[in-house]
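Structure record follows, encoded as C-alpha cells.
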Amino acid sequence: MYNHPKTDNNQTPKSVNQGRGNSERVSYQNQYLKGRNSERRFQEQSYIVDENTNAVTNLLMNLAFTSIVSFLVGTLLFVAQRNESSLPSVPVPDGSPSQSAEKKTTIFERTVDNIQELVPAPQQQAGQGTLTSMFLALRQVSS
C-alpha cells in the first residue's frame with residue numbers, strides 16, 4: 001500500500017518513497033498542485049470581477065430608482081400646489097357691521113404752481129473753455 005507524502009498546497013512533496021515510478025508520481029502531484037493553485041487564482045479573479053460588476057450595477061440601479069422617485073415626488077408637490085392656488089378665495093363676512101360704512105373720508109387735492117423757468121446756458125464749442133468756466137456757468141444756472 002502506498003502512503004501519500006504530506007504536502008503543502010504551494011510546495012513540492014517533502015518526503016517521497018523510494019522506488020520505481022516515483023518520479024511519475026511526483027510530477028503528477030506537482031501538476032495537480034499547480035492546476036489547483038491556478039484554478040483558485042482564476043476563481044478569485046473572477047470573483048473580484050463579479051463583485052465590481054455587481055457594485056456598478058447596484059449603483060446605477062439605485063441612481064435610477066432615486067431619480068424616478070424624486071421626479072414623482074416633485075411632480076406630486078407641483079400638482080398639489082397648483083390645485084391649491086387655483087381655488088377661488090371667498091371673503092367671509094364678520095358678524096359685526098363694517099366700520100367703513102360709518103366712516104366717510106374726504107380727499108382734498110392740492111396743487112402747487114411753483115414753476116421756475118430754466119434758461120439754458122450758452123454753449124461753447126468743443127475744445128474752447130476751461131473747467132473753471134464750466135463751473136461758473138453751472139453756478140449761474142443754479143442761482
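The values are calculated or read from the model by the stated rules, or taken from the named source; none is laboratory data. Just so it is clear, the structure is predicted and the values come from calculations on it, not from any experiment.
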*Would you check which residues across segment 90-125 are among the hydroxyl-bearing types (Ser, Thr, Tyr) and modelled with pLDDT of 70 or more and list them?*
Thr105, Thr106, Thr111
*Among the candidates Arg41, Arg82, which residue alone is in a helix (DSSP H, G or I), of a type in the set (Lys, Arg) and at pLDDT below 90?*
Arg82
